[in-house]
Amino acid sequence: MIDQVELNENEKPLDLLVYNVLQDNTQYQNLVELIKKRKPDVIFLLETNNAWKENIKNATDEYAYKIEVPLENTYGLLFYSKLPINTYEVNYLISTEIPSIIADIEYNNQLVRLYGLHPTPPVPQENEESTERDAEILLIGKSAKDYGKACIVFGDLNDVAWSRTTRLFLKTSQMLDPRRGRGMFNTFHAHHWFLRWPLDHYFLSSQFRLIGMQREPNIGSDHFPISIQVVLRSDDDSGEMKLDEEEKQEVIEKIEDGIEKGDAN
């Protein structure tokens with residue numbers, strides 16, 4: 001479990017906001033107002049097309065650093081940062097229609113790697129299996145583990161926090177779930193109080209400590225926005241989980257199956 005700490009006098013938290021906007025939703029102004037009120041350092045927006053990009057400029061023009069991949073297929077990504085982006089990549093790991101990003105941002109005189117993703121969900125009549133989703137999540141997990149330094153994986157993973165795949169991801173990446181011990185932070189479905197799951201996630205490497213985490217108000221989408229404030233401290237790997245040999249083989253097979261089923265390779 002990630003410790004929750006108070007900020008020291010000289011510390012400024014890294015403040016992030018994730019929101020799946022629901023592409024057909026047109027309540028742009030609600031998001032503009034949330035951004036202006038919250039003023040996060042980094043904003044990651046999912047299901048964003050050109051209409052969303054243009055209609056929230058009133059808020060995002062204040063962000064000097066941008067990675068914009070608007071698409072009309074419900075997999076568009078918009079990424080905005082007040083902190084300098086040192087380098088970034090837009091990748092299509094499994095499908096040529098589904099992007100993910102890697103961005104190295106400069107925070108507190110250090111680099112923090114951010115992995116932003118929105119893999120395809122299993123959908124009845126269209127894509128009943130979770131093969132591609134699982135492969136993308138686990139590929140990101142392997143990449144985070146190989147990176148080995150301060151990093152955050154965030155986005156709408158179309159998977160719940162207690163699933164087999166999320167557990168394999170946590171073991172593969174050796175990252176930590178800041179919700180553990182603190183509640184569910186259910187983000188979907190925003191309009192059905194009796195039927196909600198945690199689909200939008202932040203996973204943190206062991207160099208981070210939690211300052212705060214909030215589910216933001218319903219502002220029009222079927223997802224709630226969710227925000228987090230973290231700070232870098234010394235490495236504490238005591239909460240990390242590790243794969244056993246059987247699980248290692250399962251991860252390899254899931255990744256191979258997803259790549260084979262996808263069309264990006």
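The values are calculated or read from the model by the stated rules, or taken from the named source; none is laboratory data. Quick caveat: nothing in here was measured; it's all calculated off a predicted structure. Every residue, glycine as well, gets a Cβ built from its backbone with ideal geometry; the counts of neighbours run over all protein chains shown. Please note that ligands, DNA and RNA were not included when accessible areas were found on the heavy atoms of the full protein model with its side chains. Shrake-Rupley method; radii C 1.70, N 1.55, O 1.52, S 1.80 Å.
Using a 1.4 Å probe on the protein heavy atoms, what percent of the accessible area of the chain belongs to carbon and sulfur?
45 percent
Starting from 0.36 nm per residue, how many nanometres of slack lie between N108 and K82 once their C-alpha separation is accounted for?
Answer, rounded to one decimal: 8.1 nm.
Tell me, what HN-Hα J-couplings in whole Hz come from the Karplus equation 6.51 cos²θ - 1.76 cosθ + 1.60 at θ = phi - 60° for each residue of the stretch 22-30, using x for Gly and Pro?
Karplus-based 3J(HN,Hα) across the stretch 22-30 equals 6, 3, 7, 5, 10, 8, 4, 4, 4 Hz.
May I ask you to derive the relative contact order of the chain, considering only C-alpha pairs under 8 Å and at least 6 residues apart, and to give it as an integer percent?
Relative contact order here is 22 percent.
For M1 and E89, what does the FRET efficiency come to when R0 = 30 Å and r is the distance between their Cβ atoms, rounded to the nearest 0.05?
0.45
Per the helix-only calculation at 222 nm, which mean residue ellipticity applies to the chain, given -39500 (n - 2.57) for every DSSP H run of n ≥ 4 and division by its residues, nearest 500 deg cm²/dmol?
My calculation for the chain gives -7500 deg cm²/dmol from helical runs alone.
Using a 1.4 Å probe, what is the accessible area per residue for the chain, in Å²?
Numbers: 11870 Å² over 265 residues.
Ligands and nucleic acids excluded, the figure is 45 Å² per residue.
Contact order normalised by length for the stretch 1-149, with contacts defined as Cα pairs under 8 Å and 6 or more residues apart; what percent is it? Write out the running numbers ahead of the final one.
Values: 231 pairs, mean separation 22.2, N = 149.
In percent, rounded to a whole number, it is 15.
Quick one: Karplus J couplings for the stretch 217-223, per residue in order, coefficients 6.51, -1.76, 1.60, θ = phi - 60°, nearest Hz, x for Gly and Pro?
In residue order, the calculated couplings are x, 5, 10, x, 7, 7, 10 Hz.
Which entry is the computed mean projected area of the Cα convex hull in nm² for this structure: (i) 16.9; (ii) 13.8; (iii) 21.3?
Matching entry in (i) 16.9; (ii) 13.8; (iii) 21.3: (ii).
Which lysines have a Cα less than 30 Å from the Cα of K261, not counting those fewer than 8 places away in the same chain?
Result set, ordered by chain and number: K142, K145, K171, K242, K248.
Please state the charge dipole magnitude for the stretch 42-176, taken about the Cα centre, from unit charges on C-beta atoms (+1 on K and R, -1 on D and E), reported in debye and rounded to the nearest 20.
In debye, rounded to 20, the stretch 42-176 gives about 660.
Using a 1.4 Å probe on the protein heavy atoms only, what accessible surface does W162 show? Give it in Å² to the nearest 10.
150 Å²
Quote the charge dipole size of the chain about the Cα centre in Debye, to the nearest 20; the model charges only the Cβ of Lys and Arg (+1) and of Asp and Glu (-1).
The dipole of the chain has a size of about 1000 debye.
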